[in-house]
Amino acid sequence: MLSHATQMSLRASGQIEAAKLPKEISTSTRTRASRYRKVFMQSQAPKKLSSEDVLAVIVDAKLSRHQYNIIRMSAFDKFSSYKVVQESKKQCNPKPKDIQVTSTHAEVSLQALLDHTVERLFLVQKPVIDVLPENELDKFILYSKWGFDSSSGHSPYKQAFCSLEASNSVVFITSLVPLRLVNGDQII
């Protein structure tokens, strides 16, 4: 009787599809209700963010490790552990063999940087790349811009350098920014 009353109430309020459920759940097999509930609960469960999405949240919000872990405690099922995020962050850098670091500078070869940038763009645009024919995969063009920036007047810290002329009071950087990745007329 309750099932029928619920069904009539839902029909009266214009929810025709919802009105079919009480009858279907209550008059079919004994396990039907538990299966409906299980599917409903799975659709309502929060989805875990990918480690790349979590890394983007950390960078955008300028979160420290401690701040992230506090936020994560409120939603374990949504956020990855910080170690997983660290591994994802490592994937954002070119391969260690392509990076040279000394006490006065760090450098990455241009080709390694361009290759890594295209690899990362391919990961982000995987659905688009997967539908392209294999003979089209070597026809991409990456448009980029590059520039320099420097800052000076920093307090020199007590750090020993290999050469006497070296100092950490001035910072100079060369940067490369990808603008567009195209394949023929298609902008990826």
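General observations
- Test for Val118: is it part of a helix (DSSP H, G or I), without any contact (Cβ under 8 Å) to a residue 40 or more places away in the chain and not small (Gly, Ala, Ser): no
- Flag for Lys89 being at pLDDT 90 or above, of a type outside the set (Phe, Trp, Tyr) and surrounded by 13 or more Cβ atoms within 10 Å (Cβ to Cβ): yes
- Thr102 passes every criterion in (1) out of contact with any Pro (no Cβ under 7 Å at 6 or more places or on another chain); (2) at pLDDT 90 or above; (3) within 30 Å of Ser169 (Cα to Cα) apart from (2).
- Any hit, the range 128-142, residues being outside the structural domain of His66 (by TED's automatic domain parsing) and under 30 Å from Leu63 (Cβ atoms): no
The values are calculated or read from the model by the stated rules, or taken from the named source; none is laboratory data. Quick caveat, the model's predicted, so the values are computed rather than measured. Note that each Cβ is placed from the backbone with ideal geometry, even for glycine, and that neighbours are counted across all protein chains shown.
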